[in-house]
1. With the range 88-161 as the region, which strands (runs of 3 or more DSSP E) entirely inside it contain at least 2 residues that are touching a residue at least 24 places away in the same chain (Cβ under 8 Å) and open to solvent by less than 10 Å² (accessible area, probe 1.4 Å)?
2. Condition test on Glu126, is it acidic (Asp, Glu), in contact with a Leu (Cβ under 9 Å, 6 or more places away or on another chain) and farther than 21 Å from His339 by Cα?
3. Considering every residue within the range 340-347, establish whether at least one is touching a strand residue (DSSP E or B) at 6+ places or on another chain (Cβ under 6 Å), part of a helix (DSSP H, G or I) and either free of Cβ contacts under 8 Å to residues at least 12 places away in the same chain or polar (S, T, N, Q) (or both).
4. Looking at Arg247, Arg265 in this structure, which one is under 24 Å from Glu24 (Cβ atoms), of a type in the set (Lys, Arg) and at pLDDT 95 or above?
5. Given the criteria buried (at least 19 other Cβ atoms within 10 Å of the Cβ), over 23 Å from the mean Cα position of the chain (by Cα) and more than 15 Å from Leu160 (Cα to Cα), does Ile306 qualify?
6. With respect to Gly61, is the statement that it is surrounded by fewer than 18 Cβ atoms within 10 Å (Cβ to Cβ), on the phi > 0 side of the Ramachandran plot and more than 25 Å from the chain's Cα centre (by Cα) true?
7. Checking Phe48 against (1) of a type in the set (A, V, I, L, M, F, W, C); (2) open to solvent by less than 50 Å² (accessible area, probe 1.4 Å); (3) not in a loop (DSSP other than H, G, I, E, B): exactly one of these is not met. Which one?
8. Could you pull out the residue among Arg259, Arg188, Arg252 that is touching a His at 6+ places or on another chain (Cβ under 7 Å) and under 29 Å from Ser145 (Cα atoms)?
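The values are calculated or read from the model by the stated rules, or taken from the named source; none is laboratory data. Quantities reported herein were computed from a predicted structural model and do not represent experimental measurements. Cβ: placed from backbone, ideal geometry, glycine included. Neighbour counts: every protein chain shown. Accessible surface areas use protein heavy atoms only, side chains included; no ligands, DNA or RNA. Shrake-Rupley method; radii C 1.70, N 1.55, O 1.52, S 1.80 Å.
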Amino acid sequence: MQGKVLQLSQRRISNLVAYCIGYELEDIVATVTNAERIDTTDLPAVEFSRRAYKLARMACGSPGVARLFAPYPRNKVVLKGEFELFFPVFSHTYELYSLATIPNWRERSRKAACFITEVWSDMLPEYLLELLTSFDHIFIGCSHSVLEVARMTGRPCTYLPIAVDVPRFAPASPDQRRPIEISNLGRRSSVTHQALLDAAERQQFFYYYDTVAASGANRTFCVDSPSEHRHLLSTLLKHSRYFIANRSFVNRPEFTAGRDEISPRFYEGAATGTVMLGESPRSDVFKRQFDWPDAVIHLPFDAPDIGRILAELNADTERLRAARRNNIREAALRHDWLHRIQVVFDTLGLPHTEKMRARAQLLDHIAVQS
């Protein structure tokens, strides 16, 4: 592709740990397309403009008229050059107003697509979703919301699964030493956690877990460097024998209400070759993406006997070895961010770049070595 790619990033105003995976995608897009990136910066200015726009939109009933009355953010960037593709990544729908940072993005872009990593069907503010009507295509990371987003925007909308930077997460060898017996990150069961603490104390094994205080039903924190955090996470998982991975919001069934989605943990765990334990999404979407043996070994969310379960699994070394190798190979073949970028390019009719083809060869090499 000869033309330039432009990105709009929220990394300088949104630094929650969960958003790092979207910034990882941005970095890989930049690597394989030489994309330019504009960062949203002045959050108070963006929020002031958003509130003014929302009030004007409610008062006049027209997004076009509201745009005339609401001031643009004071840190707006007016594009001078032309771009082949505008491809912003958003972590949730409430970030969409940052599009106002670049008032003339549509006029300066031959093609435009966006990716929203997390979209729940009961969290779709209409005044923000209608800002997407100028895109050629909308990609979202939650399968259950595709039809509703398409209906609200009138634009083609496609489910694009989350992925991972496989070359970063893949271990040097599937059989490398893994001194961490089990890692348990993010949302967790207090029952399983206590059982693991007890088992680790009795058996003197390394149990890695978060010590960040829970915020409501979640355990979250902010990061200084998304790239450094992803490096740390990949290092932890590459050195973990087991990794607890559960479907999104597994501890909040009243929120998901049967809308099972695939959390990033499954892609991260597969790429690192750790053996995943947990409650996977009860959906055909998950079964199609993780259809190899022992992709996830079922473990109830509350597992008071997890010590016994680990002991039984540890006795079956061939099963564990096969699971590790299958996870790495399948991640390299279908769950790298390159595979998602290829879908975007193919959907928009854009040619693959030389760097995209080079990364595909690297992924094939990782798969063969696993």
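1. Result: 109-116, 137-140.
2. For Glu126, the condition - acidic (Asp, Glu), in contact with a Leu (Cβ under 9 Å, 6 or more places away or on another chain) and farther than 21 Å from His339 by Cα - is not met.
3. yes
4. Working: Arg247 fails: at pLDDT 95 or above.
None of the others qualify; the one that does is Arg265.
5. yes
6. Numbers: surrounded by fewer than 18 Cβ atoms within 10 Å (Cβ to Cβ): yes; on the phi > 0 side of the Ramachandran plot: yes; more than 25 Å from the chain's Cα centre (by Cα): yes.
So Gly61 fits the description; yes.
7. All conditions pass for Phe48, except number (2).
8. Arg259
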